[in-house]
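One structure is given here, and the rest of the page talks about it.
The values are calculated or read from the model by the stated rules, or taken from the named source; none is laboratory data. Remember, predicted model here, so these are calculated numbers, not experimental data. No Cβ is skipped: glycine too gets one built from the backbone with ideal geometry, and neighbour counts run over all protein chains shown. Side chains included, ligands, DNA and RNA excluded: accessible areas come from the protein's heavy atoms. Shrake-Rupley method; radii C 1.70, N 1.55, O 1.52, S 1.80 Å.
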Amino acid sequence: MMGMSRLEVNLRRLLSQCEHMAKDDPQKDWRLDKYIGALDEMVTDLQKLPNKPSKDTMAEYVRRVTFLKGIIETHKLTNPAEKIVAAQLLSHGPATSSEGITKEIHQTTTSKYTKELRDQLFQNDKGSEHNLRQRKQKSTGEDLDVLLKYHHSMQEKIADDMLLLARSLKEQSQLAGSIIKKDTESIEKSSNLTDRNFSKLKVESERLEEHSKRAYKCWMWVMIAVVVIIFINMVLFMKVTKKRT
């Protein structure tokens, strides 16, 4: 079994470091975004190597990098409701060796955004109650209608933003899936080509071996013939020399 290349070793180390940074808090270290960009380039370079890992291993690397990119993009959103939806749509993949930490990142991120949304709603409720008390002194019925319209418009805006975000994430997931599918097809084609070349090489090796055996037999008979001729000449020479004596 061949060992991992230096590029794959560096990729695994940086990927593990980025996952631990994302688990703690992606906003604490600005280098995380740069590291993830470097991971994306390393995965692309790793796919071009002749001794690249298996397609399952490459798919896991791509999934983990895509998950980290989704975490960063989710942190860039400003609305807590949008962040919750984006975090829920992030897939941390099937049960693998890295599933533990990605699942923890997923749970921590979702809990954090849920708390942010709860705090924001609590502050909005306090502000709404304060404004409502002031407006009750002027016109209770009119202010109530305005408040209801405001909440209704905010709910519609949040719903529209969530729908757009869901569509965007779905398109990104489909794009990543198509890229992985193309890479898998390319790997399968390369594997089939390698098998065919190996079969041809095996046939040519057998032909060469058979040709070598034939050449060996031919030279063996030539040597036997030469030895017989030399032996006969020696016998004749000895007879002729004996008669003269």
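Data table
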quantity	calculated
Cross-link reach list, lysines versus Lys202, counting only Cα pairs under 24 Å and skipping chain neighbours closer than eight places	Lys189, Lys213, Lys217
Carbon/sulfur fraction of accessible area - segment 165-224, other protein chains in place, 1.4 Å, %	60
FRET efficiency for Met234 and Arg207, using Cβ-Cβ distance with R0 set to 41 Å, rounded to 0.05	0.50
FRET efficiency, Glu73 to Leu7 (Cβ-Cβ, R0 25 Å, nearest 0.05)	0.45
Length added when fully stretched, Arg118-Ser190, from 0.36 nm per residue minus Cα-Cα	20.6 nm
Protein-only accessible surface order, largest first, of Arg12, Arg207 at 1.4 Å	Arg207, Arg12
Accessible area per residue in Å² at 1.4 Å probe, computed on segment 5-54	63
Trp30-Gln155 FRET efficiency (beta carbon distance; Förster radius 30 Å; 0.05 resolution)	0.30
Too-long pairs where the Cα-Cα distance tops 21 Å, listed order kept, from Lys103/Lys181; Lys23/Lys103; Lys55/Lys76; Lys23/Lys112; Lys48/Lys181	Lys103/Lys181; Lys55/Lys76
